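Dumping the structure here so I can ask a few things about it.
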Amino acid sequence: MRRSRAAPAAWAGVLVALALVPGCGRTSPVGLKGVARTPPLDVGTVTLPDAAAGNKPFTTRPAPGHLLLVYFGYTSCPDICPTTMSDIGVALHKLGAAQRARVDVAMVSVDPERDSGSVLMAFLNHFFTSSHALRTDDQALLTSAEHAYDVMAQVQPHSPGANNYSVSHTAITFVVDDRGIVVDEWPFGFTPAAMTSDLKVLLAGNTA
């Protein structure tokens, strides 16, 4: 029987975190429809293998002038994860080509037992022409990344080889700037139009 991973203290006792609720140090920055926390998360040193690049280490800090959208999820998710990826894809297509080229997408698998590198890449290829498929079998490394982003993931106890277990996880998309700082957070249900609006503001370098 596989044990579920322990959740960060901030999520203790929570089974499924589906929304980010403003408050507790979270505000809506001027000009943005999403929310941000004070102080903001610094994730510029979080590094995981990227299956889309031959498992080379990928650090969640985009190139200068770029943004990186980071999401923790799993490919067997029946609704939340594919809906979020679809919404992000729609939002990106609403950007001009030059702006779209400055936005990268990364998904971190919280279920590496089922999500092999090829499975995760195939999932992401349904939504994006290019993306970062981040997964690791190193539980300590994955837990460290989850803690850095203040997310929770719990895998339902199951027998070895089982394929029908569920995973509860934080359903937030994090927008990371080129300093490695999370400047915007989108809860599940955040609309593609709102995503596009926030990306345009952030790419313009103006949140005031």
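In the range 78-132, what residues are among the small types (Gly, Ala, Ser) and either part of a loop (DSSP other than H, G, I, E, B) or more than 29 Å from Ser159 (Cα to Cα) (or both)? Write out each step before concluding.
Of the range 78-132, the ones among the small types (Gly, Ala, Ser) are 86, 89, 91, 96-98, 101, 106, 109, 116-118, 122, 130-131.
Ser86, Gly89, Ala91, Gly96, Ala97, Ala98, Ala101, Ala106, Ser116, Ser130, Ser131 - these are the residues of the range 78-132 that are among the small types (Gly, Ala, Ser) and either part of a loop (DSSP other than H, G, I, E, B) or more than 29 Å from Ser159 (Cα to Cα) (or both).
Could you tell me which residue of the range 141-194 is surrounded by the most Cβ atoms within 10 Å (Cβ to Cβ), considering only residues that are more than 14 Å from Ala106 (Cα to Cα) and among the hydroxyl-bearing types (Ser, Thr, Tyr)?
My answer is Thr170.
A follow-up question, please. Name the pairs whose Cβ atoms lie under 7 Å apart, with the first residue in the range 83-107 and on the phi < 0 side of the Ramachandran plot and free of Cβ contacts under 8 Å to residues at least 24 places away in the same chain, the second in a helix (DSSP H, G or I) and surrounded by 17 or more Cβ atoms within 10 Å (Cβ to Cβ), and 6 or more positions between them or separate chains?
Within 7 Å, the pairs are Arg100/Leu92.
Output the residues belonging to the range 43-77 that are without any contact (Cβ under 8 Å) to a residue 40 or more places away in the chain and in a loop (DSSP other than H, G, I, E, B).
Gly54
Working carefully through the options Val155, Val103, Val167, Val119, find the one that is β-branched (Val, Ile, Thr) and under 25 Å from Lys33 (Cα atoms).
Answer to the selection: Val103.
Asp50 passes all but one of (1) in contact with a Phe, Trp or Tyr (Cβ under 9 Å, 6 or more places away or on another chain); (2) surrounded by 14 or more Cβ atoms within 10 Å (Cβ to Cβ); (3) modelled with pLDDT under 50; which number fails?
The one condition Asp50 does not meet is (3).
Output yes when any residue across the range 69-88 is over 23 Å from Thr45 (Cα atoms) and acidic (Asp, Glu), and no when none is. Walk me through it before giving the result.
In the first step, residues of the range 69-88 are kept if they are over 23 Å from Thr45 (Cα atoms); the result is 75-88.
With acidic (Asp, Glu) added as a condition, the list becomes 79, 87.
Looking for residues that are over 23 Å from Thr45 (Cα atoms) and acidic (Asp, Glu), one finds at least one in the range 69-88, hence yes.
The values are calculated or read from the model by the stated rules, or taken from the named source; none is laboratory data. Quick caveat, the model's predicted, so the values are computed rather than measured. Quick reminder, even Gly has a Cβ in these numbers, built from the backbone with ideal geometry, and neighbours come from all protein chains shown.
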